[in-house]
Amino acid sequence: MRVKYLKGILAATAVGLLSAGLAMAADTGTVSGLVTDQNGQPVSGALVVVTGANRFATSNPDGYYVISPVPVGSFEVKASRIGFNEQVKTGVKVIAGLRSNVSFQLQSEATGVTYIQSEEPLIKFNQVYSESIVGKEQIENQVVDEFADMLVRTPGIVYENSDASTLNLHIRGGRGNEVAYVVDGVNITNPIVGGAGMQIPVDAIEQMNIIVAGWDAEFGQAQSGIINIQTKEGRDKYTGKIGATQELYTAERKWDSQKKLESTGLESPGSPLITWETETRQTYYSKYRGSFGGPAWPGVDQLSYFVAGDYTRDWTVYPLPEPRLEWNANGKISIRPTGRLRLVLSGGRAREERQLFSNEYQYNLQGYPFRTAASRRLSASFTHNVSDRFYYSVTGATFNENRSTITGGKHWLDYNLNRLKSDATGYFVTSGDYPLYELRDQTYYDGKADFQYELTRVGDNRALSMNVVKGGVGLKNQDVDFYQIQAYPSNVYTDIFHVYPYEIYGFVQDKLEYSGMVINVGLRLDIFDPSATFPVDPYDFQWGHNNSPITGEEWVRVNNNSPWRTYADMPRTQAEKTYQISPRVGVSYPISDRDKLTFSYGHFFQVPPLIYLYRSTQVQLTGAYPIMGNPDLLPQKTVQYEIGVEHLFTDDLKAKVSAYFKDIRDLIDTNRINYEQGWNYTKIVNADFGSVRGMELALDKRMTRNFSGSLGYTFSVAKGLASNYYQGYNYAYRGWNVPNRENLLNWDQTHKVDLTVDYRFTLAEIHGLGVNSTLSYGSGMPYSKPPMGTGQPEINAERMPWTIDWNVKGEYSLTYWGLTYTAYCEVINLLNRENVYNFGEDEGDGAGSDWLPWYYFYGDADGPYDDMECYGDPLRVRVGLDIGF
């Protein structure tokens, strides 16, 4: 929607947003319940305290209390009143965005303290959206390097390549850049290309909420899902841990290749036989971790802190000259001067250095780019509880990521562009530099405020009826500096822009919780201003540079019919603001005390990654067949429906079945524009569409009798006009007919199974044994049938092999003198299966290298030149030791 209707929309929503603010994201929960005596009568004036969080409230005449916001995690909650005994509920789980019901029945004229172990309900009747909740215990028990490892084991989530850390994740059939990543309320999504902009130390994670459908109106700029991470806070007791992991063994993969000069591998008279060897190598993976937290000084919980960090040194399985290095750090300071005031300072830093790898350059890696990426995140959030039922928060945050991708530490003008393929195969580059030079620096500043107000009524039979109103507004300013040169011998592609877009957004939301139904209704408004100009016709000028406008080359005639002499002289148009209104509805209907029906419906909008808006809009187009961005792109839109049923078989076994449908519109594609003079360019436009339908089945068993586990099955059909914006460009370049109907998307995985089994044993109170097994099966991803003769490919008409990934972790712990020593062994890809995740250089539309026909005809996924990037990790064995308290 364009801004010409903006005034009417703002007027219509002003009442709802006037006093509101926008929470960055739900990163806290609520604890509430009833306090009664032994006869079930309400106890007024009882003090209820969340121990370690310095949060408390008193019960009203109906015996009801509410404490909000409360940090996520596991707490003790105690209730006391003069004339009654004190009662403590232990192990109370607080979940982001949800209410934990903790009720007390106090005994009169009793002495002492009664402790009761609290159990988190398997069916959460106040949860109206599809969400997987991952706690710190699950992360500690499983084989986990990065938080992405937990994501790929979640039903409905698939990834295309062998490296989950790239976070090229697809949630329920959406594209890989349709996911928002949030840490402590700060959105860390990379605004230029999408995906997560930084890593988080896994020891810093308290809880991770993986939301795949029906999320609240307070979340924006996401079409497929929300990854909401809350980091640990310091408590009233000191905790700490140091640890190290070392890889001992990596299974070797080796190819002895024989190939005829013809790429088809067929006999050719007079062609000499070529042989060479390619092999993976020992990875020498090492990781060191540390964390510490607690009160600023003993016995005081008004000020606490928690810090965590890790360092990774990983040679990977590729024959690289240097290891990949990664540093991650996270810290949080919580200031709670009173029970009604709270200030949280949170921040993190991350850095990665890695030599990129290409099969084509494996004998000339000094000529292939080296990447350095650094990011930082800072936020400050102040919360004031005006009363037990009303609070407001004011938050400020900033996020920065900068990245360089450079070959040999040189400026691109010093690159050796004379790339030679002088070996006998004619494929491997043995000298010369890869022509990419890229610098990025992106920063955003976010300021926002939010409020929450709760109306509660205690009815007959102590039934609670709650009406929780939330709302907010916010402003986000961005500073994006992008510099990319692709310098080929005959063409130099120049992509330079420095822009300052901003967003204004707000929401109102009302959650009605009754004993017979929970209804969540929300409305969100997003306004985006590209703050940029662009040429309507990029060739509407007379004289331009022959190759790149920054090399100082000779001038050439561009357009004799233009009245404008140079690119700088021609007129430009101002990009228009856009706004979107997103209605969202979620319903949870308890059929019985063991069954629940849920339904959700919502509109979800997302501004495309900024590279597609600004690419080549601030400098003259150069090179053959250039691509230009479009600041007037509309936000991409997904309309999503879901219905689900949950059933509790036993007190520790739950099943959930859900069916969903997604209608996706205004996805980005490309459109070729040709000129009579012979010039052409390709413009990025909103032209793609798609649809996804699927079903998910999940079984969850909580820890009883030393055993817990989960089983998830996903059936999905994901279709669209194109799997990426580049498809139209490739088809136009080759003279093929651009598709006009939906085809299977590259990540359409029809069947996916995720199984987790966990055993825990305690011996003599000081010894612990644990074994965790995670197994993921996926049916084969589609690929395009190669073009035959003068035809064009059949898009995604064939299937790659199925994949299976089985990881096992065994550990032994010993507690001695207040310290817990944990020794463990991790096995990755226990079956050592060669899982095929991609076909190397192919671009997903059948227009790539000859890898596709090679596999299609010969069943050899790594192609004629043994491309080891086609496969996932081989069998890897690691050992480690943690010491904690």
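With charges only on Cβ, +1 for K and R and -1 for D and E, what is the dipole size of the chain about its Cα centre, in debye, rounded to 20? List each step's numbers first, then the result.
On the way: 80 positive and 101 negative charges, 420 e Å.
Around 2020 debye, computed over the chain.
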Original post:
Can you list the HN-Hα couplings for the range 747-762, worked out from phi with the Karplus curve (6.51, -1.76, 1.60; θ = phi - 60°), rounded to whole Hz and with x for Gly and Pro?
Top reply: 9, 6, 9, 4, 10, 9, 10, 10, 10, 10, 10, 9, 10, 9, 10, 10
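Quote to one decimal, in nm, the extra length available between Y641 and I804 on full extension: 0.36 nm per residue of separation minus the C-alpha distance between them. Write down the numbers at each step before the final one.
Numbers: separation 163, 0.36 × 163 = 58.68 nm, distance 3.02 nm.
Length gained between Y641 and I804: 55.7 nm.
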Subject >> Surrounding net charge for Y725, when Lys and Arg each add one and Asp and Glu each subtract one, Cβ distance under 10 Å >> reply: -1
**OP:** Using per-residue counts of other Cβ atoms within 10 Å, averaged over each peptide, order 406-417, 685-696 from highest down.
**Re:** 685-696, 406-417
Original post:
Which length gain, in nm to one decimal place, applies between Y502 and T820 when the Cα-Cα distance is subtracted from 0.36 nm times their residue separation?
Top reply: 109.6 nm
**OP:** Compute the separation of the alpha-carbon centres of the range 681-760 and the range 764-830 and state it in Å as a whole number.
**Re:** 18
**OP:** Pop the C-beta distance of Q574 and W543 into the FRET formula with R0 = 35 Å and round what comes out to the nearest 0.05.
**Re:** 0.85
Original post:
Quick one: accessible area per residue over the chain, 1.4 Å probe, rounded to a whole number of Å²?
Top reply: 40
Subject >> Counted charge near G367, where neighbours are those whose Cβ lies closer than 10 Å (Asp, Glu -1; Lys, Arg +1) >> reply: 0
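So which of K124/K656; K656/K809; K596/K637 end up more than 23 Å apart, counting from Cα to Cα?
Working: K124/K656 12 Å; K656/K809 27 Å; K596/K637 29 Å.
Cα-Cα > 23 Å for K656/K809; K596/K637; rest within.
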Subject >> Electrostatic dipole magnitude of the range 319-408 [Cβ: Lys, Arg +1; Asp, Glu -1; Cα centre; debye, to 20] >> reply: 580
Subject >> Nitroxide proxy distance, nm - points 7 Å out along Cα→Cβ at E252 and A296 >> reply: 5.8
**OP:** Could you work out the local net charge near V518, counting Lys and Arg as +1, Asp and Glu as -1, over the other residues with Cβ closer than 12 Å to its Cβ?
**Re:** +2
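Using a 1.4 Å probe on the protein chains only, how many percent of the accessible area of the chain belongs to carbon and sulfur?
Numbers: 19450 of 35340 Å².
Heavy-atom surface of the chain belonging to carbon and sulfur, 1.4 Å probe: 55 percent.
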Original post:
Between S562 and Y777, what length in nm is gained on full extension when 0.36 nm per residue of separation is reduced by their alpha carbon distance?
Top reply: 71.5 nm
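The values are calculated or read from the model by the stated rules, or taken from the named source; none is laboratory data. Owing to the predicted nature of the structure, the values given are computational and were not obtained by experimental measurement. Please note: Cβ atoms are built from the backbone with ideal geometry, for glycine as well, and neighbour counts cover all protein chains shown. Areas reflect the complete protein model, heavy atoms only, side chains present, ligands, DNA and RNA absent. Shrake-Rupley method; radii C 1.70, N 1.55, O 1.52, S 1.80 Å.
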